[in-house]
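Working notes, structure below.
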Amino acid sequence: MDASDGAGDVRVLERDLRAIFGDRLQSLSTYAHGTHTLVIVDRLSADDLRACAARTAAWHDARLATPLVLGADEFESSLDAFPLEFGAILADHRVVAGRAPFDSLTVDPADVRRAIEVQARSQLIHLREGYLETRGRSDALSLLIVDSAPGFRALVDSVRRLDPTFDPGVAGKEIAALAGAHDLASPDAERLFPGYLEAVERLVKHVDRWTA
């Protein structure tokens with residue numbers, strides 16, 4: 001998805017998709033608060049992708065995000081591979097055209113836990129590595145914290161969907177609140193980092209031990 005805030009007229013997209021896919025268009029849905037679109041078709045070929053590519057610039061001009069286009073059954077068969085991303089679509093979507101494609105679908109909590117653990121452990125590894133690469137410079141530490149804060153907040157949100165009782169702690173809440181910030185004073189970075197590291201470690205342990 002790119003190049004647009006997704007606030008355009010989705011009817012433009014529907015018209016073009018019907019011209020490309022005809023009766024093969026099963027459904028068109030919006031998700032992520034209406035900013036993105038998911039297209040389900042009977043089958044998807046290289047020629048179809050070529051036809052969509054030819055219209056992408058016009059979609060962006062119409063303030064439409066590039067659609068996610070999947071063949072029939074691909075969404076369902078990918079739920080275990082992308083439980084967080086596709087689970088979010090299940091939780092927040094609106095069918096614009098065609099049949100409702102998700103009525104019988106659910107995400108396995110075990111798949112969600114596994115995906116969160118992968119992301120959490122990656123966050124921890126990159127945070128430690130990033131700290132070494134600051135070479136002790138507080139300005140570099142500030143950048144590390146600000147750049148990684150959105151990913152941490154997303155992790156906390158994911159864990160709370162899995163387990164609403166999860167508490168990231170005071171330091172974790174401070175870091176999550178920095179998501180979207182553009183800078184951080186060096187003294188604040190020095191103060192926050194130890195607690196930040198501890199919060200990520202706590203999150204990893206919590207997810208690792210969680211059971212439905």
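The values are calculated or read from the model by the stated rules, or taken from the named source; none is laboratory data. Here the structure is a predicted model, which means the values were calculated and not measured. In this analysis, Cβ positions are derived from the backbone assuming ideal geometry, glycine residues included, and neighbour counts consider all displayed protein chains.
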Checklist entry - Out of segment 57-91, which residues are loosely packed, with under 15 Cβ neighbours inside 10 Å and among the aliphatic types (A, V, I, L, M)? => result ALA57, ALA58, ALA81, ALA91
Checklist entry - Applying the selection to segment 131-146, what residues are surrounded by 14 or more Cβ atoms within 10 Å (Cβ to Cβ) and of a type outside the set (Ser, Thr, Tyr)? => result ALA140, LEU141, LEU143, LEU144, ILE145, VAL146
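How many residues are surrounded by fewer than 19 Cβ atoms within 10 Å (Cβ to Cβ) and at pLDDT below 95 when one looks only at segment 1-21?
Quick first cut of segment 1-21, residues surrounded by fewer than 19 Cβ atoms within 10 Å (Cβ to Cβ) only: 1-5, 7-9, 11-12, 14-15, 18-19.
Still in the list and also at pLDDT below 95: 1-5, 7-9, 11-12.
Residues meeting the conditions: 10.
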Checklist entry - Within segment 113-142, can you find the residues that are without any contact (Cβ under 8 Å) to a residue 24 or more places away in the chain, of a type in the set (A, V, I, L, M) and more than 22 Å from ALA81 (Cβ to Cβ)? => result LEU132, ALA140
Checklist entry - Of ARG94, ARG24, ARG50, which residue is exposed (fewer than 15 other Cβ atoms within 10 Å of the Cβ) and more than 22 Å from the chain's Cα centre (by Cα)? => result ARG50
